[in-house]
Amino acid sequence: MVRRALRSRSLRRIKVKVPGGRVVTHYKRRKPSPAKCGGCGAVLKGIARERPRKMQNIPKTRKRPQRPYGGVLCSKCARVLLKEKVKSLG
């Protein structure tokens, strides 16, 4: 029987073959849900799907795309918003 803390279904069970030849179960935390667009709710591309501690350690350039509203809006919604802003200026 495993430890009580590991019996939770919030942990993923991964079967791993160890150097001794046995197959053991490793328990890992599940990945969070993917980031969604603030406008249309589509899954954002180019954003790492990691737990907060791991997100701290990855470089900023891998956390979100380098464009206006990167990591907040998808490219389609950002394009529409920028076009509207340009129209209102001119």
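To the nearest 0.05, how large is the calculated FRET efficiency for Ser88 and Lys60 if R₀ is 22 Å and r is the Cβ-Cβ distance?
0.10
Pairs Lys31/Lys63; Lys36/Lys87; Lys31/Lys76; Lys28/Lys60: which are spaced more than 19 Å apart, C-alpha to C-alpha?
Pairs exceeding the cut-off: Lys36/Lys87; Lys31/Lys76; Lys28/Lys60.
Taking 0.36 nm per intervening residue step and subtracting the Cα-Cα distance, what contour gain separates Lys76 from Val18 on full extension?
16.3 nm
If I fit a long axis through the Cα atoms of helix 75-89 and take the longest principal axis of the Cα atoms of the chain, what angle between them do I get, 0 to 90°, rounded to 10?
Once rounded, one gets 20 degrees.
In nm, what is the difference between 0.36 nm times the number of residues separating Lys45 and Ser8 and their Cα-Cα distance?
Extra length from Lys45 to Ser8 when fully extended: 10.2 nm.
Taken together, the values in this text are just the output of simple stated rules run on the coordinates, not laboratory data. Quick caveat: nothing in here was measured; it's all calculated off a predicted structure. A quick note on method: Cβ atoms are made from the backbone with ideal geometry, for glycine too, and the neighbour counts reach across all protein chains shown.
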